[in-house]
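Just below is one structure, and these are the notes that go with it.
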Amino acid sequence: MRGNVHIHEIMTSGKEERKEIKEALLEFLKFIGNAVLVAHHAKHDISLVDRYLSEIFPGVRLVNKVIDTAELAIENDQKNNPSIKIKSENYSLDALLKRYNIEAVERHTALGDAYSTALLFLKIR
């Protein structure tokens, strides 16, 4: 957790600025509605949201369609070259941004990573 705080600046602000988990989840669900979610290495994020949802609202999980840009890049590479060896380090967000000549903006911030992931998705979809 300490590494996440350092890298993603999660929880660096005071307690007075934090929301209760239930309130944050309700706002998040309202915000996303039935939108398709695009994320890089999405399984981790979705499992985290689902874990908190199930704690607060037993039996509730995200049902939104999710597109994972890392998986999409791997699928594209395998389609273009079925014998390619997949190495996880080639599918990190930084590696793919570099490969597709996308400048990372405010890397390791929620907004910066979301923006970079969106640009990556537009390049590889």
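Bear in mind these aren't lab numbers, they're just calculated from the coordinates by the rules spelled out. What you are looking at is a predicted structure, and each value in this text was computed from that prediction instead of being measured. Neighbour counts are summed over all protein chains in view; Cβ atoms, including those assigned to glycine, are modelled from backbone coordinates with ideal geometry.
Computing mean projected area of the Cα convex hull in nm² for the structure here picks out one of (1) 9.8; (2) 11.5; (3) 9.2, namely (3). By how many degrees, between 0 and 90 and to the nearest 10, does the Cα long axis of helix 110-124 differ from the longest principal axis of the chain? Helix 110-124 sits roughly 30 degrees off the main axis of the chain. Distant-in-sequence amide contacts of V38, defined by a placed amide H-H separation under 5 Å and a gap of 5 or more residues or a different chain, comprise I67. Working note: Karplus 6.51/-1.76/1.60 with θ = phi - 60° gives segment 93-106 the couplings 4, 4, 5, 6, 4, 5, 4, 9, 6, 10, 6, 6, 10, 6 Hz, where Gly and Pro are set to x. Exposure proxy shown here: for H40, H108, the number of other Cβ atoms within 10 Å sets the order, fewest to most, as H108, H40.
Per-peptide packing, taken as the mean over residues of other Cβ atoms within 10 Å, places 63-72, 49-58 in the sequence 63-72, 49-58 from highest down.
Just how many pairs of Lys in the chain have C-alpha atoms closer than 17 Å, counting pairs that are eight or more places apart or on different chains? The partial results should precede the final answer.
Numbers: K19/K30; K22/K30; K30/K65; K43/K65; K79/K87; K79/K123; K87/K98; K98/K123.
Lysine pairs meeting both conditions in the chain amount to 8.
If R₀ is 41 angstrom, what is the calculated FRET efficiency for the pair V36 and S83, using the beta carbon separation as r and rounding to 0.05? Calculated value: 0.85. Between the C-alpha center of segment 41-80 and that of segment 97-125 there is a gap of 18 Å. Helix 21-32 and the longest principal axis of the Cα set of the chain meet at an angle near 50°.
Under the 0.36 nm per residue contour assumption, what length would be gained going from the current alpha-carbon distance of E23 and N64 to full extension? Residue separation times 0.36 nm, minus the Cα-Cα distance, leaves 12.8 nm.
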